[in-house]
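Here the structure is laid out as structure tokens; the discussion comes afterwards.
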Amino acid sequence: MKINRNDLPSPRIEMMPLIDVVFLLLVFFIYAMLSMTVHYGQKVNLPGSDSARLETEKAVSLTVRQSGHGLKIFVNGAGVTFERLREKLATMRQRPVGASGRIQIFADKSLIYQDLFHILDTVKQTGFNKISLQAGSPATGQ
């Protein structure tokens, strides 16, 4: 007996579910990559900026916070006094992460302007020449 094959529909691959799955995978991997970014900055109330952009290159992190009786300074998450800051930055400059000369400064927006300049002078004197002041969005400051 002969089977009439004209009645059978031709097989086809539906593209819409395939596109949905590929897009979902793309979003998942982008989100996973962004969540693996390591920032050593402490939580501070950053000043807002409309032109702030995301930094993705490895750099030394310097966080400065105003406290009741002076400054709280952290280099890659480790606390340091202002007097020992130059020594700590010189040590970090010798390590692979500091060899590029990049440093990210997370300064609280309540920080006194003169104190920020003392910090910037110390950073420049230790050989960091690619200084990035971090900022948040203007609405939230984060």
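The values are calculated or read from the model by the stated rules, or taken from the named source; none is laboratory data. These numbers come from a predicted model, not from an experiment. When we count neighbours, we look across all protein chains shown, and the Cβ atoms used for this are built from the backbone with ideal geometry, even at glycine.
Data for the structure
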read-out: Unique residue being under 15 Å from Q134 (Cα atoms), modelled with pLDDT under 80 and not β-branched (V, I, T) when the list is S49, S61; value: S49
read-out: Residue list for region 69-108, filter: part of a loop (DSSP other than H, G, I, E, B) and at pLDDT 80 or above; value: N76, G77, T81, D108
read-out: Hits in region 6-43 - residues which are closer than 30 Å to I73 by Cα, surrounded by 10 or more Cβ atoms within 10 Å (Cβ to Cβ) and at pLDDT 75 or above; value: M33, L34
read-out: Which listed residue, of S110, S67, is exposed (fewer than 12 other Cβ atoms within 10 Å of the Cβ), among the polar types (S, T, N, Q) and touching a residue at least 12 places away in the same chain (Cβ under 8 Å); value: S110
